[in-house]
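> One structure follows; several queries about it will come next.
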Amino acid sequence: MNVLTVNLLFGTLVFWIAAKIYLVPRLHQLEASAVALPILLLHAFRHLGLMFLAPGAVYYGMPREFAAPAAYGDLLAAVLALIATAAVTGKSRIARPLVALFNIEGTLDLAIAITLATIHDAAPFMGPAYWIPAFWVPALLVTHYIVFLLLGKRWTGPL
């Protein structure tokens, strides 16, 4: 049994249950920006994925084939989240496309990182960075799903 896979799946399930109970039923009542902004700010912390490149945060031997794409993909997601945050708070006409760009890149980054971690057996080298895929990634996956729900709805005001 791969413990990291179990942690990833259970963590995602718990975040999904919380979203299904507390947020999804109320999405139609909330302004898109009121939901998107906290999610964007959460994802702005994805610069923490650079830990996969930091000796001490991961064990020696961390496969570079996983670490580099995961770290830089997360950094790009963080930058896109900050740009989208500025557009949403400024009520820009391009806010929705920027949120969509962030969400697509961020989701693909997570899917690629999970795949590469599995292919290159990165779990034994996670060290202190283990909390990223065990706790952080499930929260990010569920919040990406919520943003896709937001983008799929018709909102009367700007995103």
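> How big is the charge dipole of the chain about its Cα centre, in debye rounded to the nearest 20, if each Lys and Arg gets +1 on its Cβ and each Asp and Glu gets -1 on its Cβ?
Using Cβ point charges on Lys, Arg, Asp and Glu, the chain gives about 620 debye.
> Full-extension gain between L27 and L101, please, as 0.36 nm times their residue separation minus the C-alpha to C-alpha distance.
24.6 nm
> Over the chain, what lengths in whole Å, largest first, do the semi-axes of the equivalent ellipsoid take, defined as the square roots of 5 times the eigenvalues of the alpha-carbon gyration tensor?
30, 18, 11
> Rounded, prolate or oblate, given the Cα gyration tensor of the stretch 76-135, with a/c below 1.5 counting as rounded?
prolate
Each value in this text was obtained by applying a stated rule to the coordinates, not by laboratory testing. Everything quoted here is computed from the prediction, not taken from an experiment. Here the Cβ is made from the backbone with ideal geometry for all residues, glycine too, and neighbour counts use every protein chain on show.
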